[in-house]
Amino acid sequence: MTYGLGIDTGGTYTDAAVMDIEAGEVMASHKSPTTHEDLTVGIRGAIEGLSDEMLAKVGVVSLSSTLATNSVVEGRGCRVGLVAIGHDFNSKYHANEEVVINGRHDLWGRETEPLDEAAAEKFLRAIRGKVDGVAISGYLGIRNPKHEIRIREMAYEILGVRAVCGHELSSTLGFDDRTTTCIMNARLIPVIDELIIAMKQVMAERSIRAPLMVVKGDGSMMGESEASIRPIETILSGPASSLIGARKLTGIDDAIVVDIGGTTTDIGILRDGRPDIVEYGAVLGGMRTHVKAADISTVGLGGDSHIVILDSGIRISTVRCIPLCFAARKWPDIKKTLQGIATKGPMFRSEFKEDSRNYQETDFFIRLKNNKQNMELSVEEKMFLDFLDNGPHTLAQASRFLQVHPLGFKSGHLENIGLVQRIGLTPTDILCASGDYTEFDPEPARLAIRHFSLAYGIPEEKIISITKKLVTEKMATEIMGKVLDSEIGSRELGDAGEHLLKTAVTREQRRDYSCAIRLNKPIIGIGAPAGAYLPEVSRRLGTDFILPKYSHVGNAVGAVTGGIIEREEILIKPNVENMVGDIPCTVFAKFGRFVKDSISEGIEFARKHGTEYVRDLALKDGAEDIVVSDDVRVSKIRAKNMPSEFVVIDVTVTVTAAGKPKMFET
């Protein structure tokens, strides 16, 4: 009997699940808070809940994570040098060092301008010690990668760092987006390396001798060595794993999957047992990439979203904070402080448009790390950081001790640059206070709610019910937004459409009408809060709700139950336009450009060598029982002078290798 171990390193929690691969059953699971400063701590904590006897049977480990996605959005990663060949590129996402050099091919892959190797060498020598990786992108490099490959060789020789070419990541036209993807990929290499190293360290500690896989953004797996070369393909791997996990845990092929995490809620659609894919490239931080990934909508709403209660009412903030009920278990003084706050009127009130500037008296702050990058801080900010060395404190406590107005500490700025973390009232606390979630002590949450009840004259039960209603309606609205976007390619409804959607979601009775929505797919809930919020969401959307067993570690289940898939699209273009018949053609692939005597010969060449190419990639990923299939799509139009004949415009041969990860024999 061989088991698989799935690990999902999320923004808030690291989940672990052990699966009996053959039986398809979850044998054990455990969760632990993600520790961003040292990932091994969170991974170790997740695995600590699993027995040595069970881990000894693990034959494969698979890892999914949101780290790559978050790193791109937050602009983190290593220093990158870009060599753009033949054309300047237009993007808001830039490398640390950049150069544009001469060298160009046309649409047929013919060299129209020689590569300026002297300029490339001058640039590479000038950036020695200034970059950790190199991105290389040639204009129309996908039609002939010769120039990109030569610069990659030079980068290895001169700098000794890893270099990645645009044609290795994408075969799609679009120089700007392909270059952006290439820069992102180079910048992510150390991020994924850190994750893989952390995982392997913990595996060694627990004597887990098994191959390590990494989940890609489409839910399939790749080997650790390939992930370290093409880390951009791991973006959205965490949300993709939740869809694969939902399918595995329920056996349902068509559903809307809603994964409620601590920081965000991810919404995706299962179709025929596979995640809906963004074929034209995932968007990250407002930037289009050439990465085919699960079509996921991510909403800034989760169990750790900050609840803000102001004179204008209650709202769910986009700021992430540690729930009071969780923090009080680690720092007992928080509960003592809340006992004093609960029966007192507010010391100060403020209301700002920006969520990060709204502070509650029940908010605490903890220091995360030292200012190693020597970022410029005010005297008050430095005083506040020093004050937090003794543990979590409120702004009011710091104000009394340091004789500075609470807003003078600029804690929002310190949050944004990662030096402090907020603790406050969250949807998780609301569930604790109402008895829907029993893992933590509900008293800290109830004390905070009591404070707001006295301060704003709102009954405690009403604060709980209003907050639940806000979360429910926000979730329902976002699910419908995702469905509409998938259905019609847009969620822009206009005033009338927004009014109808709000009426249906809130179930309000208007003066002259009412309306309702009925989804044609069930909703599958993943994540610890799913069982509390999604039944009501499903009722409002007229569909069934399914909460599978082990839904709280659905991502980890998905991480270890996906398969290995490698795919290559090969383009074949006739060498003469508007000519009927089996004429000479050119084959364009990631592995090169080739001229053939006929289209039929080109197709057979693409199928044969495409099969070898994807099979080799799958073997590098650690796959066995590999099955290769191909699909040939021919685009034709009627010939101008011969209406009864058709002219081939192009042919696309898609070759796919699918297999399962090779198990270590335990």
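Worth a mention:
- Count - residues of region 99-116 that are among the aliphatic types (A, V, I, L, M) and under 15 Å from residue 587 (Cα atoms): 1
- Filter result for the condition that a residue is on the phi < 0 side of the Ramachandran plot, assigned by TED's automatic domain parsing to the domain that holds residue 332, of a type in the set (Lys, Arg) and in contact (Cβ under 8 Å) with a residue 24 or more places away in the chain, over 400, 422: 422
- Filter result for residue 162 (within 19 Å of residue 99 (Cα to Cα) and either at pLDDT below 85 or in contact with a Phe, Trp or Tyr (Cβ under 9 Å, 6 or more places away or on another chain) (or both)): yes
- Counted residues, region 597-632 - those being exposed (fewer than 15 other Cβ atoms within 10 Å of the Cβ), more than 19 Å from residue 651 (Cα to Cα) and touching a Pro at 6+ places or on another chain (Cβ under 8 Å): 1
- Taken together, 568, 577 contain a single residue that is acidic (Asp, Glu), surrounded by fewer than 17 Cβ atoms within 10 Å (Cβ to Cβ) and not in a helix (DSSP H, G or I), which is 577.
- Here the condition is being assigned by TED's automatic domain parsing to the domain that holds residue 310, among the β-branched types (Val, Ile, Thr) and either at pLDDT 85 or above or under 30 Å from residue 388 (Cα atoms) (or both); of 428, 503, 472, 477, it holds for 428 alone.
- From the list 507, 518, the one residue that fits, being touching a residue at least 12 places away in the same chain (Cβ under 8 Å), surrounded by fewer than 19 Cβ atoms within 10 Å (Cβ to Cβ) and on the phi > 0 side of the Ramachandran plot, is 507.
- Residue within region 486-502 that is within 19 Å of residue 300 (Cβ to Cβ), free of Cβ contacts under 8 Å to residues at least 60 places away in the same chain and not in a helix (DSSP H, G or I) present: yes
- If you go through region 171-198 and keep only what is buried (at least 24 other Cβ atoms within 10 Å of the Cβ) and among the polar types (S, T, N, Q), you end up with 179, 180, 181, 185.
- Among the residues making up region 106-145, those that are assigned to a loop (DSSP other than H, G, I, E, B) and of a type in the set (Lys, Arg) are 110, 128, 130, 143.
- Screening residue 311 with (1) under 24 Å from residue 241 (Cβ atoms); (2) out of contact with any His (no Cβ under 8 Å at 6 or more places or on another chain) gives one miss only, at (1).
- Filter pass, residue 258 being touching a strand residue (DSSP E or B) at 6+ places or on another chain (Cβ under 7 Å), crowded, with 19+ Cβ neighbours inside 10 Å and touching a residue at least 12 places away in the same chain (Cβ under 8 Å): yes
- Scanning region 1-37 for residues that are among the acidic types (Asp, Glu) and free of Cβ contacts under 8 Å to residues at least 40 places away in the same chain turns up 20, 22, 25.
- Cβ-Cβ contacts under 9 Å between residues 6 or more apart (or on different chains), taken from a first residue in region 593-609 that is among the charged types (D, E, K, R) and modelled with pLDDT under 95 to a second residue that is surrounded by fewer than 18 Cβ atoms within 10 Å (Cβ to Cβ) and part of a helix (DSSP H, G or I), are listed as 593/146; 596/604.
- Output for region 532-551, where each listed residue is part of a helix (DSSP H, G or I) and either buried (at least 24 other Cβ atoms within 10 Å of the Cβ) or among the hydroxyl-bearing types (Ser, Thr, Tyr) (or both): 533, 534, 537, 538, 551
The values are calculated or read from the model by the stated rules, or taken from the named source; none is laboratory data. Remember, predicted model here, so these are calculated numbers, not experimental data. Note: ideal-geometry Cβ built from the backbone for every residue, glycine included; neighbour counts use all protein chains shown.
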